[in-house]
1. What are the pairs, 6+ residues apart or on separate chains, where a residue within segment 423-441 that is farther than 12 Å from F217 by Cβ and modelled with pLDDT under 95 has its Cβ under 7 Å from a residue that is in a loop (DSSP other than H, G, I, E, B) and of a type in the set (D, E, K, R)?
2. Could you list, in sequence order, all residues of segment 159-177 that are in contact with a Ser or Thr (Cβ under 9 Å, 6 or more places away or on another chain) and open to solvent by 10 Å² or more (accessible area, probe 1.4 Å)?
3. Restricting attention to segment 295-318, does a residue exist that is of a type outside the set (G, A, S), part of a loop (DSSP other than H, G, I, E, B) and open to solvent by 30 Å² or more (accessible area, probe 1.4 Å)?
4. Go through segment 223-253 and give me each residue that's in a helix (DSSP H, G or I) and either hydrophobic (A, V, I, L, M, F, W, C) or within 14 Å of ligand 2 (Cβ to nearest atom) (or both).
5. Of the residues V187, V156, V220, which is open to solvent by 50 Å² or more (accessible area, probe 1.4 Å) and β-branched (V, I, T)?
6. Could you tell me whether segment 369-377 includes any residue that is buried (at least 24 other Cβ atoms within 10 Å of the Cβ), of a type in the set (S, T, N, Q) and either in the same structural domain as A225 (by TED's automatic domain parsing) or touching a strand residue (DSSP E or B) at 6+ places or on another chain (Cβ under 7 Å) (or both)?
7. Is there any pair linking a residue in segment 151-167 that is assigned to a loop (DSSP other than H, G, I, E, B) to one that is of a type in the set (K, R), with Cβ under 8 Å and at least six apart or on different chains, and which?
8. If the Cβ limit is 7 Å and pairs must be 6+ apart or interchain, which residue in segment 477-499 that is free of Cβ contacts under 8 Å to residues at least 60 places away in the same chain and closer than 13 Å to I546 by Cβ pairs with which residue that is charged (D, E, K, R) and surrounded by fewer than 18 Cβ atoms within 10 Å (Cβ to Cβ)?
Amino acid sequence: MSEKAGKIIKVAGPLVVASGMKGAKMYEVVQVSDQKLIGEIIELKDDTASIQVYEETSGLGPGEPVYQTGKPLSVELGPGLLKSIYDGIQRPLNLIREQAGDYITRGVEVPSLDREKTWKFTPVVKDGDEVSEGDILGEVPESATIVHKVMVPPGVTGKVENIKAGDFNIVEPIAKVGGKNVAMLQVWPIRKPRPVKQKLVPTEPLITGQRSIDTFFPVVKGGAACIPGPFGSGKTVTQHQLAKWADADIIIFIGCGERGNEMTEVLIEFPELIDPKSGKALMERTVLIANTSNMPVAAREASIYTGMTLAEYYRDMGYNVALMADSTSRWAEALREMSGRLEEMPGEEGYPAYLGSRTASFYERAGYIKCLGSDDSKERIGSLTAIGAVSPPGGDLSEPVTQNTLRVVKVFWGLDAALAYRRHFPAINWLTSYSLYIKDIEDYTKKNYGSDWPDMVRESLNLLQEEAKLEEIVRLVGVESLSAKEQLVLDTTKTLREDYLFQDSFDDADTYASPKKMYAILKTILTYHHESLAALEAGNKNIKDITGSPLKDRISRTRMIEEKNISEIDKLTEDIKSEINK
Ligand SMILES: Nc1ncnc2c1ncn2[C@@H]1O[C@H](COP(=O)(O)OP(=O)(O)OP(=O)(O)O)[C@@H](O)[C@H]1O
Ligand SMILES: [Mg+2]
């Protein structure tokens with residue numbers, strides 16, 4: 001570390017202003033006072049720096065030194081990330097707790113990744129091979145379920161020499177590339193997106209097993225989605241469901257909680273989740289970032305970039321990564337607080353004018369990409385899907401955080417307090433939610449779900465929209481005023497809502513539905529609708545026969561049918577065809 005030091009001239013909560021910071025750069029990390037508190041320069045005017053401090057600043061005062069480091073705020077990348085629980089600037093919470101007790105004491109220096117632990121490195125290249133940045137040098141079994149790919153760091157290119165095999169810690173050289181020693185550890189600044197070879201147009205859905213999402217409001221691998229919802233509407237349960245069930249390899253979960261219970265969700269509930277794919281802990285393929293309430297707001301601001309950088313690193317290995325932030329509103333509040341202390345001109349509701357561009361630059365780091373690397377024959381595709389929960393105060397979606405988020409994401413899962421109150425879960429409002437990816441994945445769904453899938457989806461959504469109009473009429477003049485056909489629409493949409501959109505996260509059979517199962521159930525419901533329409537038109541049945549048929553009970557049980565028995569649902573569809581219209 002250089003001995004260049006400025007002097008504190010003002011302390012305002014997490015913000016420290018220092019003068020005499022010659023040669024300092026924006027976003028440079030500094031050490032504040034002789035306690036060496038970690039801070040980051042977020043504003044520079046000549047030699048005066050405003051510093052966001054990631055530790056408690058009480059007791060600091062003017063005149064104390066501020067040391068420059070010349071380095072941007074960075075994270076450590078390498079084996080050992082999975083299963084870790086970090087704070088917003090990648091300090092391992094468990095280790096800190098061991099060293100310093102329950103409260104993070106100031107200036108504790110614990111490396112993000114263990115320097116002692118050794119990992120079994122198996123090379124995939126040999127001496128004399130030409131490699132360039134992003135190429136895979138070798139593999140390490142990182143956790144029970146994930147193989148870590150050790151890559152040539154960005155900026156390094158050349159001939160491989162002295163490649164090793166065996167057990168090494170992350171700082172020992174495992175090869176020389178272009179004359180430079182390369183170890184498993186890499187360092188990357190959090191505010192700078194990691195380079196990719198090419199951004200591609202996403203074409204594959206991220207299958208979540210949640211019927212409402214995968215059917216009507218799908219997200220793609222490499223896409224961006226948001227879940228706005230008022231207090232208690234199911235944001236966290238939805239994110240946990242996605243973490244468990246989505247067909248992503250790696251989960252990065254950022255908990256930006258504030259209230260006690262939100263942190264319990266992150267620190268206690270999340271590590272208990274079981275990975276349905278392996279039967280082991282979900283943490284085996286997860287990195288958790290938890291902003292505990294005893295940490296200054298500034299760390300919360302940094303946490304989403306820390307998480308994003310870790311996610312990009314696994315994406316670069318060729319994995320499908322899903323990053324979840326719960327909730328981004330707490331991040332935006334941290335931004336607002338820092339902006340207020342900087343005495344910047346406030347924008348809407350006190351948020352800084354750059355809330356929009358910051359939000360965009362976060363979600364824009366999502367993508368479906370060709371990974372960096374030279375060997376086209378072994379081309380890797382990786383994806384990073386970003387899913388942010390938003391907690392609009394009072395559920396008011398016109399507030400700035402929601403609005404700025406909607407400007408960049410292409411999927412909106414609007415959680416609805418009224419639905420949650422009626423215990424319709426997931427409480428995703430089917431009339432207001434949307435996905436702009438439906439067209440991008442149409443070919444995929446036709447090929448993999450069923451050629452008529454897009455038509456079935458459209459028809460179901462149309463019925464649900466018609467229901468909203470018919471309900472208005474019923475409210476005004478009663479159900480008797482509806483024609484038999486209109487009554488049938490209401491009956492079908494009731495089935496759609498209660499037996500398809502409704503999904504119980506806590507029921508073993510219902511919690512996940514494969515595309516095959518979704519297709520089978522939706523087919524059954526729509527077949528019933530079509531056959532009933534035909535029967536009404538032909539005069540073969542009246543509406544009471546249709547709504548009261550025992551077949552309806554069988555439909556309502558389909559969601560509880562296990563994956564291995566899906567043929568029972570197809571059988572039901574056949575029974576409907578042979579029984580209703582005759
Ligand atoms: N998909 C679901 N299936 C069954 N129950 C659900 C589902 N989603 C939410 N719930 C119920 O709603 C409760 C509240 O959900 P959750 O904690 O996810 O809300 P939240 O939006 O994260 O709330 P907060 O604003 O407090 O963070 C859960 O404890 C659970 O009982
Ligand atoms: Mg929550």
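1. Once the first residue is farther than 12 Å from F217 by Cβ and modelled with pLDDT under 95 and sits in segment 423-441, no partner that is in a loop (DSSP other than H, G, I, E, B) and of a type in the set (D, E, K, R) comes close enough.
2. A165, G166, D167, F168, N169, E172
3. Within segment 295-318 (the criterion being of a type outside the set (G, A, S), part of a loop (DSSP other than H, G, I, E, B) and open to solvent by 30 Å² or more (accessible area, probe 1.4 Å)), the answer is no, since none of the residues qualifies.
4. Of everything in segment 223-253, those that are in a helix (DSSP H, G or I) and either hydrophobic (A, V, I, L, M, F, W, C) or within 14 Å of ligand 2 (Cβ to nearest atom) (or both) turn out to be K235, T236, V237, T238, Q239, H240, Q241, L242, A243, W245.
5. Answer to the check: V187.
6. The answer is no; no qualifying residue exists.
7. P154/R194; V156/K180; N162/K176; I163/K126
8. That search, which allows pairs on different chains as well, returns V489/E466.
The values are calculated or read from the model by the stated rules, or taken from the named source; none is laboratory data. The shown structure was predicted, so the numbers you read here are calculated from the model rather than taken from an experiment. No Cβ is skipped: glycine too gets one built from the backbone with ideal geometry, and neighbour counts run over all protein chains shown. Heavy atoms of the whole protein, side chains included, go into the accessibility calculation; ligands, DNA and RNA do not. Shrake-Rupley method; radii C 1.70, N 1.55, O 1.52, S 1.80 Å.
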